[in-house]
1. Taking 8 Å as the Cα distance limit and 6 or more residues as the minimum spacing, I'd like the relative contact order of region B:284-340 as a percentage.
2. Could you work out the mean count of beta carbons from other protein chains within 10 Å of each residue's beta carbon in A:221-233?
3. Taking a probe of 1.4 Å, how large is the accessible area per residue of chain D, in Å²?
4. Answer rounded, prolate or oblate for region D:240-373, using the Cα gyration tensor with square roots of eigenvalues a ≥ b ≥ c: rounded when a/c is under 1.5, else prolate when a/b is larger than b/c, else oblate.
5. By how many degrees, between 0 and 90 and to the nearest 10, does the Cα long axis of helix B:37-48 differ from the longest principal axis of chain B?
6. Tell me, what is the percent relative contact order of region C:47-169, built from C-alpha pairs under 8 Å that lie six or more residues apart?
7. Using only protein heavy atoms and a 1.4 Å probe, how much accessible area in total is buried between B and C, to the nearest 100 Å²?
8. Return the calculated 222 nm mean residue ellipticity for chain B, to the nearest 500 deg cm²/dmol, obtained by summing -39500 (n - 2.57) across DSSP H runs with n ≥ 4 and dividing by the residue count.
There are 4 protein chains.
Amino acid sequence: MSIPDKLINLFEYEGLASQQLSSMALDYYASGAWDEITLRDNREAFERWKLRPKMLVDVSKRNLSTTILGSSIDLPILIAPMAFHCLATPEGELATARAAAKLGTVMVLSTLSTKSIEEVAIASGQSKLAADSTRRNPLWFQLYVHRDRDLTKSLVERAYAAGFQALCLTVDAPMLGRRERDQRNQFVLPPGMELANLKNLADLEISHKPDESGLFHYFSEQLDPAITWKDLEWLQSLSPLPLIVKGILRGDDAIRAVEHGAKAIIVSNHGGRQLDGAIASIDALSEIVAAVGNQAEVLVDGGIRRGTDVLKALALGAKAVLLGRPILWGLAIGGEAGAQHVLELLRDELDLAMALSGCSNLQDIDPSLVVKL
Amino acid sequence: MSIPDKLINLFEYEGLASQQLSSMALDYYASGAWDEITLRDNREAFERWKLRPKMLVDVSKRNLSTTILGSSIDLPILIAPMAFHCLATPEGELATARAAAKLGTVMVLSTLSTKSIEEVAIASGQSKLAADSTRRNPLWFQLYVHRDRDLTKSLVERAYAAGFQALCLTVDAPMLGRRERDQRNQFVLPPGMELANLKNLADLEISHKPDESGLFHYFSEQLDPAITWKDLEWLQSLSPLPLIVKGILRGDDAIRAVEHGAKAIIVSNHGGRQLDGAIASIDALSEIVAAVGNQAEVLVDGGIRRGTDVLKALALGAKAVLLGRPILWGLAIGGEAGAQHVLELLRDELDLAMALSGCSNLQDIDPSLVVKL
Amino acid sequence: MSIPDKLINLFEYEGLASQQLSSMALDYYASGAWDEITLRDNREAFERWKLRPKMLVDVSKRNLSTTILGSSIDLPILIAPMAFHCLATPEGELATARAAAKLGTVMVLSTLSTKSIEEVAIASGQSKLAADSTRRNPLWFQLYVHRDRDLTKSLVERAYAAGFQALCLTVDAPMLGRRERDQRNQFVLPPGMELANLKNLADLEISHKPDESGLFHYFSEQLDPAITWKDLEWLQSLSPLPLIVKGILRGDDAIRAVEHGAKAIIVSNHGGRQLDGAIASIDALSEIVAAVGNQAEVLVDGGIRRGTDVLKALALGAKAVLLGRPILWGLAIGGEAGAQHVLELLRDELDLAMALSGCSNLQDIDPSLVVKL
Amino acid sequence: MSIPDKLINLFEYEGLASQQLSSMALDYYASGAWDEITLRDNREAFERWKLRPKMLVDVSKRNLSTTILGSSIDLPILIAPMAFHCLATPEGELATARAAAKLGTVMVLSTLSTKSIEEVAIASGQSKLAADSTRRNPLWFQLYVHRDRDLTKSLVERAYAAGFQALCLTVDAPMLGRRERDQRNQFVLPPGMELANLKNLADLEISHKPDESGLFHYFSEQLDPAITWKDLEWLQSLSPLPLIVKGILRGDDAIRAVEHGAKAIIVSNHGGRQLDGAIASIDALSEIVAAVGNQAEVLVDGGIRRGTDVLKALALGAKAVLLGRPILWGLAIGGEAGAQHVLELLRDELDLAMALSGCSNLQDIDPSLVVKL
């Protein structure tokens, strides 16, 4: 695979990937829950915020680097946890990890990856012994808490052992959201693909019911809808890894997360894939930033496609953003090189947007840059 | 008839039913008054309210049961009163009543039903002797006050005798709204169908004028546009049944209803079929909930098609919602089984929406779950 | 001509008339100024106001009659002044006057009519001797002030002599608005049609310039862009007729009109035909009603097509509304009978809208009936 | 070339020019940055402001003249700086300068012109010796600060020597915005065209990179992204010319500009070509007018296509507006005569809009004329 020369933005990646992926994979990646209202609103919300750029600032040198949970990264754009990268490219999460490493940013590996924790750590150049808090491409592990608590414990221990540097608990999926395209497709992983971290479980292909998404069935069978804030203490007892809570949309929940030990919060509606009608993540961000203050780092994902979207998120108080689907489009078009190019495009757009807003580094980005009319 | 396997939401029922119904029946069911502004706004208003879900609540067990007027029901979704179910399925209201009974919820039978009060009571397993306030599928009787007060009195007495447990007075139809599709169709009931509760009246087929909807003519001939709040006392004197007032859109009217003895209020614009341009029912709800406080139970109908719509209505203070047209689409596609499936789909969506919002029972649903941006 | 049986609302009249009129006549009637923003906004503004109907009021008898400037009329819907009715029907303004008389309402005759003041008075059954302030169909005369003040004086004297009961001065047209469709058409009156009140003037056909609307040229040649508030005193000195000022969009102007003797004010943007981008008339109404108080009667025109539009205007404080283009569509389809039917349709819609809102007469319509969300 | 007789507004010029220009030139002129959100919003924002016209003012004589920086001009519409007029017409900026002179208004010559400072001055009838502060068509010189400060200094000195009367520093382009159409086209100047003021530099045709707009490359190579407010003092030291700062979107930046000596501020987002998502210029205007008070003159550009747009801008406090792309469409259709006709059309629209708003001169235009609903 080689990256088409002429792709110049993330929408073009989306367009071309939509033609190349199987319809089952495309639907799985692209769809949102129910009527996809939140999926659309995540994008439209960005357009409702207007930029108020500052002029005549020396922007000859821009610096996009920052620190997240004490680790330096080269750009405030992380790779969001997403399942099943092998649907997009044969190397799956290995390609993604290498792209993240090249760009000097965090990849958040999904529990539901099609390459294992250990394989990804190696691909990323990460290992326990080599762990170096100053390196610029830490891996984080996204966790779903299984009904089988021993399995959950084992996943955390494996991630820690493999050199992952944080645990990212997804809290907005006690059950899986209804993505009707998957339901119609009776979504399953194709032959030869598996839940690489969970090989002892029945795979998706076997367990699905008729007229049902296999993943929906997996969630209701395997994942624990009973976990509560108290379980965060137990999770933190399993390893020294700092805890990130992903999927918060309210200030009071953010405060609760901090009180239970979270070091970072990801404002997210799961890309519009869980509760349709939920507030756009960029619209929820301010409330959470205000509630948390400096007690935790706040990140956001959902609908980010342009450098100006990143700029708006940072202006509203996010420390960084996470990029989801466009990474998959990059993988689909060009594997590792495609994912890398997608990140580079977005980084370069942010770089230019900062220059045009009078910001030479991320600390210059303040709330006065945005307004909702 | 058998329910197509692949219908997975209420919109798909609507789409398929639209192909199968006669155009006269479809137009009668689907249309709104005049320019259908309120018909559309009932739907669009739901989208303007955004959800703010709570996370990390134990939602492993959800309970959707509640009580309405002291009766327990299994889900906060009732069947709204609608005329002429036989246009959708030969068994008409009998099928609907059986579906309601299977789901454990209330059916509100219309005065203008095509099966009689007594037939429906039997189908529902309801009877005066067997009346049991703890049963989960009470029948309510929707009342239009006829100019002939003896006829009105007789309807109430028959409903009471047949075991109906409440009287639901529709107050937004002193005259019938102008549904122009019906007017163009010169809407009449097809041969063999009749107003089963009103057999002594000239039927719709006979009395209609040229260039007119037969139902419009019926209303102006038979129904009483002079009834006022004072008549509520008279209505309540006719039977021990509690009174529900349906069709309220203002807080002051809701207070008046309570003062005149109403035990419940249904916030409704008659599905957009009466006064076009009226406020969307979900937008009117808060004012009425605030006005009524705990003096009466407040329900709402109009535009509910998704579990998240139900969730929003409950968050804004409704005790339950009523479902209208989708029941008819269910009947048209699959008779009793179709109506049952429609209710099950909406119930399951509500169940999932609650889980994803951190609500394990209806009492957990509070106003903080919704916001209008 | 006979009225098609099946036309049931004003939009259908518009649709059919659009097919039957010459394109020059249709463009002249239908167009707005420049980009037609205000033309569209006049309609859309009505939809932004929502109705809050009252229930359980005795609406068995409705009364739509009111008084305007001391004259009783049968419905709060007047016929707005419009030029050139002969473009729609051979009998022109005579047909319109007869329709107004049948309905018991006011016709406002345009200075630019294609039938003369005297002919219209006769058709209307109006004459100085027969003048009766209690009759239900007074005629008003719409005035453009010509540079030739003697001509202007003569028009007023002729109107008074012919039994017209008020003078309606259009103040929003010191120059004619740019209606680009007319400009492209090089609009002129067809052979055989003339400015019936102004026969001594060069007619439109002769005086127009290339690439120009003849009417635009007429205005710049003949009408006086220098008139000011002070001229209202002079106008009132010409006859005992009460003065109405048409074309006000601001509260301060409304107060000025009252101070200079106006007995009524018509809130209007000339149907979107003068200053494009001007505020929708229904959105300007409240400010003017508040400013004027009970010192003058306030009327409104612009975009009224449904009975609910009339209801909203009255709820916002208008004493009555004026109907424009739909009268022309009625004339085009059915001459006098068409115009009469259009008025009847709108009257009946208002009648029903009042019943459904709990209003049995116009005094029951109050500001609580409307809300902008 | 002759101007088509029937073009009656600026949109028609745009439509016809779009058919006649090469696609590379059209794309260069028409495009905005990234998703062109600001490009569209510049237009849509005007429609959100509604006009509140005043009536019965003597508008028989209108006067559109004003003064800018002490020079009298005949209309409050200047020609915005734009690069490469030769792409539209062989005479390029000479044609534009002659059109500006005929209309009696300012032309702002771009640093990136295809005719030189000196040639344009001659065409305009401008020369140092002939300089006359009372003449009605001053030339201003738009400046980009090059990394080569001597080159910059030389440009200023040449403009001053040639009789230009002001220096207009563009501050919103430390780097060039991403116009993706240009990027796809690999935009370069066609053979025979050159940067007439910068002949010693490598021209655009030579220096561009593959997959890149030549202009984007030029900016990053040649222009100085390090200039700050302090450099304004240096710029003003190079000549006695008054300084205008173009590209301000915030009140605090406007105050800074005044503090550093700017005599006028142009509120602008560079026609949506720099930071996509930036606030519409008309929406930013009020804040800047309020911040600056009478310490500097405030002008605005972006999206002006109608006389009513000019009227709204003046009502919101602008002293004048600048017209951009439509001048290019005029040049493309009719060279000098086309540009002249475009200006005449807009002037005549403003003239009529003023008459219809009760304004006989620019001083009559006040903030009460506009409202945002």
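1. Working: 59 pairs, mean separation 17.0, N = 57.
RCO, region B:284-340: 30 percent.
2. On the way: counts 0, 0, 0, 2, 9, 6, 6, 6, 4, 2, 2, 1, 0.
Whole-number average of other-chain Cβ neighbours for A:221-233 is 3.
3. Working: 11730 Å² over 373 residues.
Heavy-atom SASA per residue in chain D reads 31 Å².
4. Values: a/c = 1.68, a/b = 1.25, b/c = 1.35.
Oblate, since a/c reaches 1.5 and b/c is not below a/b.
5. Approximately 10 degrees, to the nearest ten.
6. Details: 195 pairs, mean separation 28.5, N = 123.
23 percent.
7. Details: alone 14720 and 14750 Å², together 26510 Å².
The buried area between B and C, both sides summed, comes to about 3000 Å².
8. Numbers: 14 runs with 152 residues, N = 373.
One gets -12500 deg cm²/dmol as the mean residue ellipticity at 222 nm.
The values are calculated or read from the model by the stated rules, or taken from the named source; none is laboratory data. Keep in mind that this is a model prediction, so the values were computed, not measured. Positions of Cβ are generated from backbone atoms using ideal geometry, with glycine treated the same way; all protein chains shown enter the neighbour counts. Accessible surface is based on the protein model in full, side chains and every heavy atom, while ligands, DNA and RNA are left aside. Shrake-Rupley method; radii C 1.70, N 1.55, O 1.52, S 1.80 Å.
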